[in-house]
Amino acid sequence: MSTSDQRPGTLSELAAFIARSPGFSDVVEDLLRGKSAAIDGAWGSSCALTIAALAEKTPECTLLVVVPTIRDADELADELT
């Protein structure tokens, strides 16, 4: 069954859904090895959701998130809290 066939039924299942996405485990492995990783194309609340999923999988890592503007940073901070 593909990831798209296993859609989350509730909001609380979304981070786990993202964590099963193709390529996500590669990003997690890189971060845990002390390497950098980039995820391009995440926008809106999907960006915050991806950060939350990464933070859950890599609690010992510091995540640096770069966004284009202060406004984007403020909006992202609001979505994460």
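Here the peptides 53-64, 29-40 are ranked by packing, the mean other Cβ count within 10 Å, and the order with the highest first is 53-64, 29-40.
Derived value for segment 12-80: Kirkwood hydrodynamic radius 12.5 Å. Basis is the mean of 1/r over every pair of different alpha-carbon atoms. Figure legend: label point modelled 7 angstrom from the Cα of Leu63 along Cα→Cβ; residues of segment 9-31 with amide N under 16 Å from it are 12-31. Adding -39500 (n - 2.57) for every DSSP H run of four residues or longer, then dividing by how many residues the chain holds, sets the calculated 222 nm ellipticity at -14000 deg cm²/dmol.
Bear in mind that the values in this text are calculations on the coordinates, not laboratory data. Since the structure is predicted, the reported quantities are computational estimates derived from the model, not experimental observations. Backbone-built Cβ (ideal geometry, glycine too); neighbour counts: all protein chains shown.
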